[in-house]
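See structure below.
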Amino acid sequence: MPKLGVGVLASGRGSNFEALVKATRKEAIDAEVRVLVVNVPDAAALKRAEALDIPAVVLDHREYGRRSEFEKAVVARLNQHDVRLVCLAGFMRILSPFFVEHYRNHVMNIHPSLLPAFGGLQGIDVHRAVIESGAKVSGCTVHFVSEEVDAGPIIVQRTIPVREEDTPDSLAVRVLLEEHRAYPEAVRLFSENRLKVEGRRVSVLGS
Ligand code: GRF
């Protein structure tokens, strides 16, 4: 069986991209990251791709008139690399219904909170809101992407305690470590055909 082809879409730092590449290379995951697509020309993720020897392409969304033109260009690139699973990793564009439908239950995202709590927020704002809420636990969520932002079927969550001395930054650091475990786990389950989606719920077969 050929390996599952994975494409990663990112806009910035790219640490989840790197974690996915390393995990799929090292662990028993029948998947390989074949291409990185970024929409921001100076995204730090590009340097990581170079160091990891993964083909990378910049598709600057500002150069496309319509969202659909940009997304069609992304799909074309992913097809070139025979990608069957798309992983959003800090990708700062909302995908249109065209893209979501094209990759229905084949596009995942990672969010740095325990969704549905704190959905719709981004970056450090998530961790600030968690601390302000008084929540005792936080974590991360890998979910399939649906038309609604941060609301698709949940695949994997990992939790950590929120400590009294936590700042948004310290919480972000510890959540990120969990992200780097959760995303490869979700890709592994997908590659083993173990994810069954029914409505908003994902069952993990054989667990
Ligand atoms: C992560 O916190 C992820 O949950 C969110 O954006 C951040 C991306 O970080 N969607 P990186 O670019 O993977 O380092």
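The values are calculated or read from the model by the stated rules, or taken from the named source; none is laboratory data. Computed from a prediction, not measured in an experiment: that's the story for all the values here. Every residue, glycine as well, gets a Cβ built from its backbone with ideal geometry; the counts of neighbours run over all protein chains shown. SASA here: full protein model, heavy atoms, side chains in, ligands and nucleic acids out. Shrake-Rupley method; radii C 1.70, N 1.55, O 1.52, S 1.80 Å.
Might you check whether a residue that is closer than 23 Å to Pro112 by Cβ, of a type outside the set (A, V, I, L, M), open to solvent by 90 Å² or more (accessible area, probe 1.4 Å) and within 16 Å of the ligand (Cβ to nearest atom) occurs anywhere in segment 25-34? No, segment 25-34 contains no residue that is closer than 23 Å to Pro112 by Cβ, of a type outside the set (A, V, I, L, M), open to solvent by 90 Å² or more (accessible area, probe 1.4 Å) and within 16 Å of the ligand (Cβ to nearest atom). Screening segment 1-22 for residues that are in contact with a His (Cβ under 8 Å, 6 or more places away or on another chain) and more than 8 Å from the ligand (Cβ to nearest atom) and picking the one that is nearest to Gly123 (Cα to Cα) gives Gly7.
Residues of segment 69-87 that are farther than 12 Å from Val33 by Cα and open to solvent by less than 40 Å² (accessible area, probe 1.4 Å): Phe70, Glu71, Ala73, Val74, Val75. When segment 130-158 is filtered for residues that are more than 17 Å from Val202 (Cβ to Cβ), surrounded by 14 or more Cβ atoms within 10 Å (Cβ to Cβ) and in contact with a Ser or Thr (Cβ under 8 Å, 6 or more places away or on another chain), the ones remaining, listed by number, are Val130, Ile131, Ser138.
Being out of contact with any helix residue (DSSP H, G or I) (no Cβ under 7 Å at 6 or more places or on another chain), charged (D, E, K, R) and either under 19 Å from His180 (Cβ atoms) or surrounded by 23 or more Cβ atoms within 10 Å (Cβ to Cβ) (or both) is a property that Lys47 has. Within segment 62-92, the set of residues being in contact (Cβ under 8 Å) with a residue 40 or more places away in the chain and either more than 12 Å from the chain's Cα centre (by Cα) or more than 16 Å from the ligand (Cβ to nearest atom) (or both) comprises Val74, Arg77, Leu78, Gln80, His81, Asp82, Val83, Arg84, Leu85. For segment 93-121, the candidate set comprises residues that are open to solvent by less than 20 Å² (accessible area, probe 1.4 Å) and β-branched (Val, Ile, Thr); within that set, the residue that is nearest to the chain's Cα centre (by Cα) is Ile110. On inspection, Leu59 does not qualify as free of Cβ contacts under 8 Å to residues at least 60 places away in the same chain and within 16 Å of the ligand (Cβ to nearest atom).
Note on segment 1-87: enclosed helices (runs of 4 or more DSSP H) holding 1 or more residues that are in contact with a Leu (Cβ under 9 Å, 6 or more places away or on another chain) and more than 23 Å from Ile155 (Cβ to Cβ) are 45-52, 67-80.
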